[in-house]
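What follows is a short report on a single structure.
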Amino acid sequence: MSSISLRRATPPDVEFIYSFLCELEEEAFDFDQFNAIYHRNLLNPDCHYFLAFDQQQCVGYASVHAQWLLHHCGKVGEIQEMFVIPAYRSKGVGRLLIEQLMEVAQQENFEILEVTANKKRLDTHRFYERQGLERTHFKFVKKMK
C-alpha cells in the first residue's frame, strides 16, 4: 500500500493506541493508568512503538519490547501489541508494521524476535506464520489480580 506511512509513536498518540488496544483486548482499560504506562514506556529505549497512517488517518499500531534474557544469552525482542483497523486488514499494513519491527530487531541485534497471540486468533496465527515467524512454544498464564 503506497499511501501508508509509518512513524514512531509520540506522547499525543496515546489516544489512538488506547482505542486500538481496548478494541484488541475487548476491554476498556483505565485510561489514567494506561496513559502513565504509555508515557513511561516512551522514555524506555527498549520499548519501540510505531503507528501506520493513511494520509491523516491512523490505521495501525505495533510495538516491540526488548529484554536481555539468560536463556538466549542475548537481547530478545517480543512483539507486545499489534493492531490494524478492520477496513485496512489484508491490505499490507500489518506486513509493513512487521517489517518495521524486524528492522528494529536487526538494528538492536536481537537474538530472536517472538510474539504471543491469543489461541482464539487463528487469522493472526496465520499472519505471523506468513511473515516468517514459527510456531514453537505454548504460553501459560495465571492472572494474579
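Nothing in this text is a laboratory measurement; each read-out follows from the coordinates by a stated rule. The structure presented is a predicted model; accordingly, all values stated were derived computationally and were not measured. Positions of Cβ are generated from backbone atoms using ideal geometry, with glycine treated the same way; all protein chains shown enter the neighbour counts.
May I ask you to compute the full-extension gain from residue 15 to residue 89, defined as 0.36 nm times their residue separation minus their alpha-carbon distance, rounded to one decimal in nm?
Taking 0.36 nm per residue and subtracting the Cα distance, the gain is 24.6 nm.
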In nm, give the distance between the simple-model label positions of residue 122 and residue 81, each being 7 Å from the Cα along the Cα-to-Cβ direction.
2.7 nm
Among the DSSP H helices of the chain, those whose Cα atoms extend at least 24 Å along the helix axis and whose mean Kyte-Doolittle hydropathy is 1.6 or higher are none
For residue 114 paired with residue 134, estimate the spin-label separation in nm (one decimal), with each label point 7 Å from Cα along the Cα-to-Cβ line.
1.4 nm
Counting alpha carbon pairs within less than 8 Å and at least 6 residues apart, what relative contact order, in whole percent, applies to segment 73-145?
37 percent
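If you take every residue apart from residue 27 with its C-beta less than 14 Å away from the C-beta of residue 27, what net charge results, scoring Lys and Arg +1 and Asp and Glu -1?
Surrounding charge for residue 27 is -3.
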Rounded to the nearest Å, what's the spacing between the alpha carbon centres of segment 14-59 and segment 131-145? Just the number, please.
21 Å
Which one, 10, 85, 52, projects farthest toward the positive side of the charge dipole computed for the chain from Cβ point charges (K/R +1, D/E -1)?
85
Cα-Cα over 26 Å: which of 75/145; 91/143; 119/143; 91/139?
75/145; 91/143; 91/139
Rounded, prolate or oblate: which one fits the chain, using the alpha carbon gyration tensor with axes a ≥ b ≥ c (rounded when a/c is under 1.5, else prolate when a/b beats b/c, else oblate)?
rounded
Candidates per GluC sites (Glu not before Pro) in segment 66-141, loop by DSSP, up to 11 other Cβ within 10 Å
134
With a Förster radius of 30 Å, plug the Cβ-Cβ distance of residue 25 and residue 73 into 1/(1 + (r/R0)^6) and report the FRET value to the nearest 0.05.
0.40
